[in-house]
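Have a look at the structure below before the remarks.
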Amino acid sequence: LRSGRVLILAGNDDTRVFGPAVPPGWSVSVGVGSVREVLRAGPGGTPLLAHEMSLALSYAASELAHTSALNLLGAIKARLEEPLSMLVS
């Protein structure tokens, strides 16, 4: 995203998914849900306790193409999964 403004809004502790509207004058809104513990299948099918949170992206189609919005959401996800990568890149 080279131009425009990105609004990031966090829900409260009970918010699982939060999809905010894009206010006038903004290009993108990202809603951040709370972190929760979930059981997932680990190696060999053994239960694994994982921490997950949801991200919801809303965007002004006049400002951003669909594929660019998906790429932006993927980039945010990648940086959250590997925060040290922000120091290297």
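The values are calculated or read from the model by the stated rules, or taken from the named source; none is laboratory data. These numbers come from a predicted model, not from an experiment. Every residue, glycine as well, gets a Cβ built from its backbone with ideal geometry; the counts of neighbours run over all protein chains shown. Each accessible area value is taken on the protein alone, full model and side chains, heavy atoms only, with ligands, DNA and RNA left out. Shrake-Rupley method; radii C 1.70, N 1.55, O 1.52, S 1.80 Å.
Taking the criterion of being at pLDDT below 85 and closer than 14 Å to Ser62 by Cα, the residues of region 1-24 that qualify are Leu1, Ser3, Gly4, Arg5. Screening region 6-68 for strands (runs of 3 or more DSSP E) wholly inside it with 1 or more residues that are in contact with a strand residue (DSSP E or B) (Cβ under 8 Å, 6 or more places away or on another chain) and open to solvent by 80 Å² or more (accessible area, probe 1.4 Å) returns the ranges 6-10, 36-41, 47-52.
Evaluated against (1) open to solvent by less than 50 Å² (accessible area, probe 1.4 Å); (2) within 21 Å of Asp14 (Cα to Cα), Leu73 falls short on exactly one condition, (2).
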